[in-house]
Amino acid sequence: MTLEQLDFVYMPSDDVAADMGYFSDVLGGRLIFAIDAMGIRVAMIELGEQSPRILLAGHLKGERPILVYRVAALADAMTDLESRGWTPEGTFEIPQGPCCSFRTPGGHRIAVYELKRPQVVAHFVGRRDFG
């Protein structure tokens, strides 16, 4: 299997602070960080130990979330997926490593990434720029 684990659900948010409060206070999630830097406001919430972490992002356009899956090696995963008819939208870097996003024919948004910098989240734990 090319996809190893769903690590993040990257969700668009019109009001990251308000959504962060709801996910934390009402749903009982644990706030990992809330960052407001370089024109990007994002908060990471953990709703359960075995659940993917939620990233509430003010800069993310659209209404559908992006499901972000970890893969062992991004280049190998892209080759495997392309052999099955997959079409990438674009490659870029996220703090954890290289990433590629795409849409399914039905419009669902998915990304695959290679975890090259596992220490990144730990570096931001407890940071709270807003809320």
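When the stretch 43-61 is filtered for residues that are closer than 24 Å to residue 116 by Cβ, touching a strand residue (DSSP E or B) at 6+ places or on another chain (Cβ under 8 Å) and open to solvent by 50 Å² or more (accessible area, probe 1.4 Å), the ones remaining, listed by number, are 53, 59.
Residues that are among the polar types (S, T, N, Q) and surrounded by 12 or more Cβ atoms within 10 Å (Cβ to Cβ) were ranked within the stretch 80-104; the one that is modelled with the lowest pLDDT is 91.
Residue by residue, here is whether (1) in a helix (DSSP H, G or I); (2) hydrophobic (A, V, I, L, M, F, W, C); (3) more than 24 Å from residue 100 (Cβ to Cβ) holds:
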{"position": "11", "(1), (2), (3)": "no, yes, no"}
{"position": "20", "(1), (2), (3)": "yes, yes, yes"}
{"position": "28", "(1), (2), (3)": "no, no, yes"}
{"position": "49", "(1), (2), (3)": "no, no, yes"}
{"position": "56", "(1), (2), (3)": "no, yes, no"}
{"position": "59", "(1), (2), (3)": "no, no, no"}
{"position": "68", "(1), (2), (3)": "no, yes, no"}
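Out of the residues in the stretch 30-42 that are small (Gly, Ala, Ser) and part of a strand (DSSP E or B), which is most open to solvent (accessible area, probe 1.4 Å)? For the stretch 30-42, the residue satisfying everything is 37.
Which residues, taken from the stretch 110-131, are exposed (fewer than 13 other Cβ atoms within 10 Å of the Cβ) and of a type in the set (A, V, I, L, M)? 122, 125 - these are the residues of the stretch 110-131 that are exposed (fewer than 13 other Cβ atoms within 10 Å of the Cβ) and of a type in the set (A, V, I, L, M).
Of the listed requirements (1) of a type in the set (D, E, K, R); (2) touching a strand residue (DSSP E or B) at 6+ places or on another chain (Cβ under 6 Å); (3) closer than 23 Å to residue 122 by Cβ, residue 64 misses just one: (3). Against the criterion of being modelled with pLDDT of 95 or more, within 17 Å of residue 114 (Cα to Cα), more than 17 Å from the chain's Cα centre (by Cα) and exposed (fewer than 14 other Cβ atoms within 10 Å of the Cβ), residue 73 qualifies.
A Cβ distance below 7 Å, combined with a sequence gap of six or more or placement on separate chains, defines the contacts here; from the stretch 20-44, residues that are over 14 Å from residue 127 (Cβ atoms) reach residues that are among the hydrophobic types (A, V, I, L, M, F, W, C) and open to solvent by 30 Å² or more (accessible area, probe 1.4 Å) in the pairs 24/31; 27/47; 29/23; 29/47.
The values are calculated or read from the model by the stated rules, or taken from the named source; none is laboratory data. None of these values were measured; they are calculated from a predicted model. In this analysis, Cβ positions are derived from the backbone assuming ideal geometry, glycine residues included, and neighbour counts consider all displayed protein chains. The area values use the complete protein model at the heavy-atom level, side chains included, leaving out ligands, DNA and RNA. Shrake-Rupley method; radii C 1.70, N 1.55, O 1.52, S 1.80 Å.
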